[in-house]
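Remarks on the structure that follows.
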Amino acid sequence: MWNSLACNTIYGKFLREKEAQRYHRSLSSVRSVMNTHKAPKEMRHLQYKAKRIRLIQDRNEEIEHQNQLLLNKMYNIDSKPSSLNPNNCAPRSPSITNLNSKVRSRNLSRIYDENKKFLERLQNAESAYSIEKWDEEERRRNYLKENISKNSGRCFRKNKVIQDWESQDLISKILSRRQSRPITAEQAL
């Protein structure tokens, strides 16, 4: 009964035990459908896989054909005279530089500095979320969940549960204060 939920923990335990017993009974009565005592026959045609080998050969032939076409096109492009051929292009003189290279380098260094400052701000930023507050809320939620599970068969007032929680919280605060106090000479004796 994996899809049924129990309101009471005792009843939930009873349901789990009942489901486990039913599962073990069904496992003990299982019979195999196939005869597993003798090995299956060997099928030679399944080991050879002729169709797969033929498909691989066809694919390799297609790749070889496409490579040959590409090689012919590359040869034609290389053999034709063109103004874009690297052998025909005049080498650029090293004295001519880009006119805006200084402006670009300044912009790149400015962007780098801004990114560096932004990263420092991100790393030094304080979190807006309080982990202690989350932990306290989680403890309270678990406390309420336990009470609901324990008292599922009884009706109770919501205010009483909250008062119990606040009194328990007060007790834990008092105990933590006692533990954090330094031990005096009189208490040590």
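Here, each number is a calculation from the coordinates, and none is a lab measurement. Predicted, not measured: the structure shown is a model, and the values here were computed from it. For neighbour counting, all protein chains shown are included, and Cβ atoms are generated from backbone atoms with ideal geometry for every residue, glycine included.
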>> Please state the shape class of region 10-61: rounded when a/c is under 1.5, otherwise prolate if a/b exceeds b/c and oblate if not, all from the C-alpha gyration tensor.
In response: oblate
>> At a 10 angstrom cut-off on C-beta neighbours, averaged per residue, how do the peptides 33-46, 60-73 rank from highest to lowest?
In response: 60-73, 33-46
> To the nearest 0.05, how large is the calculated FRET efficiency for Asn98 and Glu137 if R₀ is 45 Å and r is the Cβ-Cβ distance?
Replying inline: 0.15
